[in-house]
Amino acid sequence: MPRGVYTRTIEHRLNQSLASKGRTVSLEHRQKISLKLKGRPMSLENRQKMKGRVPWNKGKTGVYSPEFLQEMSDSRKGKLNPWPEEAKTSFRQKMSGHKFNVGRHPSEETREKLSQANKGKQNTLGHKLTAEHIEKIRQNSKRAWQDPESKLGTVEWFKKILAGTHLRPNKPERLLINILESNLPGEFAYNGDYSQGVILNRMCPDFININGEKCVIEVFGEAFHDPEKAWKPISWKSTEQGRLELYGKVGFKCLIIWEKELKEPAKVLIKIRQFMSVLRDGQ
C-alpha cells in the first residue's frame, strides 16, 4: 500500500465523526476547498467504482428519525445562503429554460398532499403577510401612483409594474392600434406600457388623445372587466362604470372598446368617430 494511504476502520471513522461534531467551516474555507477541487479529474478507478452506483437511500422512506430530521431543520434556521452572488448568478443562468415537470403526471395522492400543504398560504413562499405589512405596501403604492415624480413613481418603476402584467401591447390593443393608425392618424397614441408617460387618477389608460382632446380609450376583455364573466372577483374600478367615473373625476372622457367588438373593425371605427363627435359638440 502506498505511503500515506490506509484503510480507515469503523472505529477510526467514528472517532473522526465525534471529533468534527460541532465544528463549523467558514465560508472562506469552503470556497478555498471548492477552488482547489475545481477542474481536478476523477481517476479511472474511481469512475469505474461510481458507474452504476445507486445512492443507499434511493426510494427509501423512514430512513431518518423524526428527531434527527427536526435537528437538521433547526440547525439550518436563521442561516444565510453561503453561495456568493457570482455562484447564484451562474446557477440561474445554467438552469434557465429547464422545465423540470414537463411530462410528469403526479398521482392523485400527491396532488392531494400538495393541496393540503398549500391550504391557507397566501403566496408561493407560504408566508402570511401581517395587516401592518399589507397596509404599508398599499400606502407606498398609493403614494407612488399619486405622485409620478416621487422616488417610487419613476418612469422605470411604472414600466416594471406594467411589464409584470404583460402589457406590451397585447393582441386586442394591437388590433385597435391598426384601426387608429389607418383611419385616425395623429389622434391617439398607445400608452398602455406608459410610453406616453400619462397617469390619470392612479390609472394608466391604454390610449391617450394627442391632439388636444381630453379623452382616452380603454380596451376591455370580459375575463378581467366583466363582473358576470370574469374568472375572479374584480374591483369596482375595473368595471366599465367605475372606469368612466374615475376618469371623469379628473376631467377626461373615456370610451370603452370591448375585445369582442374588435372582430368588426368597421363598427369599432364608427363607435370611435361618434364618441369624438359627441365630445367636440359638448365642448
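The values are calculated or read from the model by the stated rules, or taken from the named source; none is laboratory data. Quantities reported herein were computed from a predicted structural model and do not represent experimental measurements. Here Cβ is always computed from backbone atoms with ideal geometry, including for glycine, and neighbour counts include all displayed protein chains.
Scanning segment 21-65 for residues that are closer than 29 Å to Glu85 by Cβ, among the small types (Gly, Ala, Ser) and either over 40 Å from the mean Cα position of the chain (by Cα) or surrounded by 10 or more Cβ atoms within 10 Å (Cβ to Cβ) (or both) gives a single hit, Ser34. Using the structure shown, decide if His98 is assigned to a loop (DSSP other than H, G, I, E, B), modelled with pLDDT of 75 or more and either surrounded by fewer than 10 Cβ atoms within 10 Å (Cβ to Cβ) or over 20 Å from the mean Cα position of the chain (by Cα) (or both). Against the criterion (assigned to a loop (DSSP other than H, G, I, E, B), modelled with pLDDT of 75 or more and either surrounded by fewer than 10 Cβ atoms within 10 Å (Cβ to Cβ) or over 20 Å from the mean Cα position of the chain (by Cα) (or both)), His98 does not qualify. Here are Ile217, Ile234, Ile210: which of them is under 34 Å from the mean Cα position of the chain (by Cα), aliphatic (A, V, I, L, M) and at pLDDT 95 or above? The conditions single out Ile217.
Evaluated against (1) assigned to a helix (DSSP H, G or I); (2) at pLDDT 80 or above, Gln48 falls short on exactly one condition, (2). Do we find that Leu18 is surrounded by 10 or more Cβ atoms within 10 Å (Cβ to Cβ), among the aliphatic types (A, V, I, L, M) and over 42 Å from the mean Cα position of the chain (by Cα) in this structure? Taking the combined requirement at face value, the residue does not satisfy it.
Of note, Gly221 does not satisfy the criterion of being in contact (Cβ under 8 Å) with a residue 24 or more places away in the chain, on the phi > 0 side of the Ramachandran plot, not assigned by TED's automatic domain parsing to the domain that holds Lys142 and not polar (S, T, N, Q).
The residues of segment 180-195 that are among the polar types (S, T, N, Q) and at pLDDT below 90 amount to a single one, Ser195.
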